[in-house]
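Please treat every number below as a calculation from the coordinates, not as lab data. On a predicted model such as this, the values are computed, not experimentally measured, just so you know. All Cβ positions, even for glycine, are placed from backbone atoms using ideal geometry, and neighbour counts span all protein chains on display.
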Amino acid sequence: MKHSFFAKNPSVLLFLACLALFTIAVTVMSEAWGLSLIPTSFVKTLGKTLCLCLVALAMDLIWGFTGILSLGHMAFFAIGGYMIGMWLMYARTEEIVILSLANSPLPATPEEIRQGITSQIFGVVGSSELPPIWSFAHSLPLQLLLVLLVPGLLALVFGWLAFRSRVTGVYLSILTQAMTLTLALWLFQNDSGLRGNNGLSGLQNIPGLGQTSQDVISIWLFLASALALALGYLLLSSITSGKFGSVIRAIRDDETRMRFLGYPVESYKLFVFTLAALIAAIAGALYYPQAGIINPAELAPIASIYLAVWVAIGGRGQLWGAVLGAALVSLLSSWFTGGRAPDLPLGFYTIKWVDWWLILLGLGFVCVTLFAPQGLAGLLQRLAGPLTPRRGGAPLGPDPGALQEKEARE
Amino acid sequence: MRTLFLLFALLLALTPARAQAEGKAAAVVLDNAGQVAKPSRQSIGPVIDALAASGDPMAAEILAAWAEKGLAQRKSDGVIFLIRPSGDGWALRDLTGAEAGIAAKTDMTELKPNAGVRGLIQTALVQFTLADPDPARRAEALTAIARDASAGHLEPLRNAIPGESNPVLLAQKHRLERLLTLRFDPDSAARVKAIESFGADTGLDLRAALTPLTTTRRAAFDSPPPAGANIARALIPGTDIPAEEAWDILIAAGAAPERLSVKTARDALIANIANGEVGGVKLAALNDQAARDRAYTALEAAGAVPPAATEDEVAATLARYHFYDLYTEPEPAVTTAASAALSAISTRVGAMQAADLALDAVSLASIYFLAAIGLAITFGVMGVINMAHGEFIMMGAYTGYVVQLIIPDYTISIIVALPMAFAVTFAAGVAMERLVIRHLYKRPLETLLATFGISIALQQLAKNIFGTQARPLTAPAWLDGQLAFNDIIAISYIRIAIFVLATLFLCFILFVMKRTRLGLEVRAVQQNRNMAASMGINPDRINMLTFGLGSGIAGIAGVAIGLFAKVTSELGNDYIVQSFMTVVVGGVGNIWGTLAGAALIGTLQKGIEWLNPSNTLAAQTWMILFIILFIQFRPRGIIALKGRAAGD
């Protein structure tokens, strides 16, 4: 290797610098450690946005680089959230139960504590038994392991089944959507053991940190999200810039040719699918403690489609494009739907953005698909054209995002 | 009173037969005036029976009046009259029906029998109403008996059969008589015969009559069960019933002490805390169950708490007893016949339910077919995923709603709405194809995204225009109700109409595809677009028309779905995934494939729902899992397209 990784990919350093600046700025302006310019609720929103950026990175890896339009990665995101939520809820309830039992004349037995926790958590769905899937909920390390294991295994099995029978293109999209719907429907049932449509709640209270204020917790979670995003970005940019990146881009551009060249296409796709699921799960595990509540509606197929929308608007095949798209669209979305955007009077009709934002988003999305297939990243690159080296040469694949001749030679 | 009595005596003496009967009811009342005035449930039976058996035509009227507070006793002499309000007082009639002047209300005491007595009177009245000249009253009486039968009805009912002239009522009476016989007849042979006489009948009334005969209760005996007990089966604790339940039976029978629950033990321990310890165990050490048990045993030994059964004692006691399921009905022949009849009924009912399920599945399949066929055309011919297809369905349903706002007559409005919906969604489809999809033919994955953008925009637009609440799309009156074959197999007319509509569309599309120029060109473009273009077919025009056709059919499906589902802006969401599944499972680009897919998914969903009736969510989960697995084995669907188009 002639040049170091960062020398070859200056955008990575630039991105990390921007992220670091942003993180420091938010921390300084937060209520906990700084000037109290940013309210805690907004710190949480920003932290959640960082998690969404991370899952958008995963989506970019699988869709922008490998060409698999998965409509199921928000399901892995939510499963990650459920897994961490189980521990948060169990441990938090355990604290409350122990506290309330401490007043009784006899010291509590472990059995009584378990009973108390079960009735606290599952009273709403009328169950008095702790479901077996909660067996590990008492232990943070085990449950953290599950954050990775459950989505990872699910993605592995599902991906193996799908790729091995050569389900590609729109079929795979529909199949992943069906998987998401199945999971959502299963979770909606009360006897799934995850509190049905009540979901898990009170996740913002971190067990053991009862005295710590939400201001501080939100900043810690924000910093953790930023760190995860930075690590995720580093990992994915190193993956996509090397030989592996070339292979998966080649799979995107012509899968059959890659198969004939002797590459195990299925294994590559399976690896990418599972890796993206793991990243999504980590993002989810960081997101839901900041959101405070998770319910099966989070798994609705539409959430995964929105994920694709973010990546498409931001720019496929560009890691920072995906981050940009997710941050921009999700922040705009919460700004418009939160009723904070000013109404637009047209004289004969006043446009209320709460009602019209989705229409704007939908049409904007159609326009991006039609006129800027490379998304905002593509537009920015075109604007900044003279600054980046003109690589020239013909694209190596039929898709405009394919490596170009000079790029490939480096 | 004496004069009256003399009068009655005279009448009795002078008039033979009928006239003799005529005074009898009055005489019975007279003889038992005290009882009649202050009846008690225990002792009034013979009086009522005597009245009912008197044969006097007045008896029914007297009984009815008695039950309805239409009798009163004159305070001065205790004579009982039939009364009806007249001005401020009562118009009196004596018990032979003759007018007897008017009395002030203060002079009379109304007779108010209590509910129990009224019940007895009503039962006695049954035989009169069963023989009432008016068939409507007789039918009413039969219904009343069927609803609330008792042993007392059996005799009057049997007596009423020979005199029945109306053949329908006669059949009803016979059936009811058998139903009462099998429940109340003292002769068990007659009951068994009555049970067997129903043969292949599956009526709800029969099931309701048989089920109580086979109810069981659990009982425990430490010796062989009593001779009269009708044993359904012997139970072994631990295998047939859980040991806890067996113990509960013993507790209920008073043969065993209450189990020591964790809570009672805890309360007992708390009550005996002394000097920071309980039964010699330090308080702080009581944080596990074994320590608590030790403390309790210590207290038990000290006699401070009641003894509680330990596990060994429980096992020993359970071993000493025999547990049985006992029929509440004492007659074994009857219970055997009833169980046999019930199991035969449940077999037949099962078969009928299967038939009903098949009907349901067919109707669900036709809904899926209608919803999916438009998608199949666009997906199959153009390889374009139209995520806005669900919104076209919604658009059709809203078109139907708007048409109903303008045309109030439901029949005409439906007839207008169907072509209107087609026209509206056809136009929308063509517009979408021209404006958006045309540019994306080379990037099929991105049509999915672009049409999704259109889908969320359309959904929000509908929400802005029509609001979030559900709008009604009312079916014409002649589609109300259902076609019932018997009390199990039934199908609503709307579902039949949808089935007919789906069949019509199947024929229509088959005709268009196989017998018209357009269909020929569509198939040519589907098989090989470039070759078709070089043969002089304009593929752009074909794509536009196909897309319009597919969207138009979605609109019509929307009207059909709106008739039974609520029309909301999210209507399309409910059908889009199912439609995709139908198309993918069936095989892309093939009408028969879509039909097969719809049939498979409809049957599967209904079948799973039947296996797990309490949970439609679980049914859908299992169905989608099945589909995912199915695609593993037939990735191209049930009917895979052959030729170049399938080569990718």
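Could you tell me what percent of the DSSP beta bridges with both partners in the protein assembly as shown are antiparallel, to the nearest 5?
95 percent
Below 8 Å between Cα atoms, with a sequence gap of 6+, how large is the relative contact order for chain B in percent?
RCO, chain B: 12 percent.
For residue B:323, what charge total do you get from the other residues with a beta carbon under 15 Å from its beta carbon, if Lys and Arg give +1 and Asp and Glu give -1?
-2
Of A:374, A:120, A:290, which is the most mobile in a GNM of chain A whose springs link Cα atoms less than 10 angstrom apart?
For chain A, modelled as a Gaussian network with Cα springs under 10 Å, the answer is A:120.
From zero up to wherever the largest Cα-Cα distance of the range A:1-90 sits, split into 10 Å bins and tell me the percent of pairs in each.
14, 28, 33, 22, 4, 0
Pull up the DSSP beta bridges for chain B and report the antiparallel fraction as a percent, rounded to 5.
In chain B, DSSP labels about 95 percent of beta bridges as antiparallel.
Between residue A:204 and residues 5 or more places away or on another chain, which pairs have amide H atoms under 5 Å apart, with H built 1.01 Å from N, and which residues are they?
A:292
May I ask you to evaluate 6.51 cos²θ - 1.76 cosθ + 1.60, the Karplus curve with θ = phi - 60°, for each residue of the range B:136-145 and list the ³J(HN,Hα) values in order in whole Hz, giving x for glycine and proline?
5, 5, 5, 4, 4, 4, 4, 4, 4, 5
Would you mind giving the three semi-axes, in whole Å and largest first, of the ellipsoid equivalent to the range B:131-214 according to its Cα gyration tensor?
22, 13, 12
Would you please name the GluC sites (Glu not before Pro) within the range A:72-137 that are DSSP coil residues with at most 16 other C-beta atoms within 10 Å of their C-beta?
When the GluC sites (Glu not before Pro) of the range A:72-137 are filtered for loop state and at most 16 Cβ neighbours within 10 Å, A:129 remain.
Return the Cα extents of chain B along principal axes one, two and three, sorted largest first, each rounded to a whole Å.
Each principal axis gives a Cα extent; for chain B these are 119, 86, 51 Å.
How long are the semi-axes of the equivalent ellipsoid of the range A:93-169, taking √(5λ) for every eigenvalue λ of the Cα gyration tensor, in whole Å from largest down?
Over the Cα atoms of the range A:93-169, the ellipsoid semi-axes are 40, 13, 8 Å.
What number comes out for the charge environment of residue A:354, summing +1 per Lys or Arg and -1 per Asp or Glu over other residues with Cβ under 15 Å away?
Charge balance in the 15 Å sphere: +1.
Could you tell me what a quarter of the Cα convex hull surface of the protein assembly as shown works out to, in nm² with one decimal place?
For the protein assembly as shown, the mean projected area of the Cα convex hull comes to 66.2 nm².
Once you treat every alpha carbon in the range B:216-327 as an equal point and sum by Debye, what is log10 I(q)/I(0) at q = 0.14, 0.15, 0.17 Å⁻¹?
The calculated log intensity ratios at q = 0.14, 0.15, 0.17 Å⁻¹ are -0.65, -0.71, -0.81.
Of A:144, A:346, A:154, which is the most mobile in a GNM of chain A whose springs link Cα atoms less than 10 angstrom apart?
A:346
Among the lysines, which fall within straight-line cross-link reach of residue B:69, defined as a Cα-Cα distance under 24 Å, with same-chain neighbours fewer than 8 residues apart omitted?
B:24, B:38, B:105, B:112
Give me the compactness ratio for the range A:117-274, meaning the Cα radius of gyration over 2.2 N^0.38 Å.
With N residues counted in the range A:117-274, Rg over 2.2 N^0.38 Å equals 1.37.
Peptide B:618-629: average number of partner chain Cβ atoms within 10 Å per residue?
Partner Cβ neighbours, averaged per residue: 5.
Determine the shielding of peptide A:167-177 by partner chains: average, over its residues, the number of Cβ atoms on other chains within 10 angstrom of each Cβ.
The per-residue average across the peptide is 6.
Within the range B:48-138, which trypsin sites (Lys or Arg not before Pro) sit in a loop by DSSP and count at most 13 neighbouring Cβ atoms inside 10 Å?
B:69, B:75
Once the Cα gyration tensor of chain A is diagonalised, what are the square roots of 5 times its eigenvalues, in whole Å and ordered largest first, as equivalent ellipsoid semi-axes?
39, 26, 21
Find out how many positive minus negative residues lie around residue A:331, taking Lys and Arg as positive, Asp and Glu as negative, among other residues whose Cβ is under 12 Å from that of residue A:331.
Net local charge, residue A:331 excluded: +2.
Quick one: which residues, 5 or more positions from residue B:278 or on another chain, have an amide H under 5 Å from its amide H? H modelled 1.01 Å from N in the peptide plane, none for Pro or chain starts.
B:283
For a quick check, take a GNM of chain A with Cα springs below 10 Å and name the residue from A:332, A:146, A:54 with the largest mean-square fluctuation.
Taking springs between Cα atoms under 10 Å, the residue moving most is A:332.
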